[in-house]
Amino acid sequence: GLGGQLMTSAIVATNCPANRSICGFYILEQNELKEDDPERRITSPGDLVIKGYFPPGGCAVALVDDVLTSGKSLGRAIKAVRTNGCRIGQIVVIIDRGGGGLVKLRNQGFKIKALLRADEAGKIHINE
């Protein structure tokens, strides 16, 4: 959604060295796109669309998401990236809600980092 688009844009804009291009893409639900959207789109499983610059097959990409609970949404995004020929190098989430997704993805062999975590009472903690 919009949160992911804003995060991707900010990461690309603030981390692009002068002599090297860093590109980004978004993974959206099909219904989040406008009919006349001219940007490159790749349809993937589960009505997801990859929008923006998608690197050539074989490249490692980093996935960034705002919230992680069960890992279902990230699982769908991982499948979309892999189906289109790239591999996941790193996953970063802003906040882990403690719904088991972080452990599940680590157990599947992914490098994943949550910047913040919410405890059972909803209090936010900084991960180190």
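Each reported figure results from applying straightforward, stated rules to the coordinates on display, with no laboratory input. Only a predicted model underlies this, so the values are computations on that prediction, with no experimental measurement involved. No Cβ is skipped: glycine too gets one built from the backbone with ideal geometry, and neighbour counts run over all protein chains shown.
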Once amide hydrogens are built 1.01 Å from N within the peptide plane, the residues lying 5 or more places from Asp66 or on another chain with amide H under 5 Å from its amide H are Ile94
Built amide H within the under 5 Å cut-off of Ile91, gap 5+: Leu63, Lys111, Ile112, Lys113
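Quickly rank 118-128, 80-90 as a protection proxy: mean count of other C-beta atoms within 10 Å, highest first.
In decreasing order of mean packing, 118-128, 80-90 become 80-90, 118-128.
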Length gained when the stretch Ser9-Asp66 is fully extended (0.36 nm per residue, less Cα-Cα span): 19.2 nm
Once you sort the root eigenvalues of the Cα gyration tensor of the range 56-116 as a ≥ b ≥ c, which label holds: rounded (a/c under 1.5), prolate (a/b larger than b/c) or oblate (the other case)? prolate
List the lysines whose alpha-carbon lies under 29 Å from that of Lys79, not counting same-chain residues fewer than 8 positions away? Lys34, Lys51, Lys104, Lys111, Lys113
Given the peptides 49-60, 66-77, arrange them by the average over their residues of other C-beta atoms within 10 Å, most packed first. 66-77, 49-60
Starting at the first residue of the range 47-60, write each ³J(HN,Hα) from the Karplus equation 6.51 cos²θ - 1.76 cosθ + 1.60 with θ = phi - 60°, in whole Hz, x for Gly and Pro. 6, 9, 10, 9, 10, x, 7, 10, x, x, x, x, 6, 8
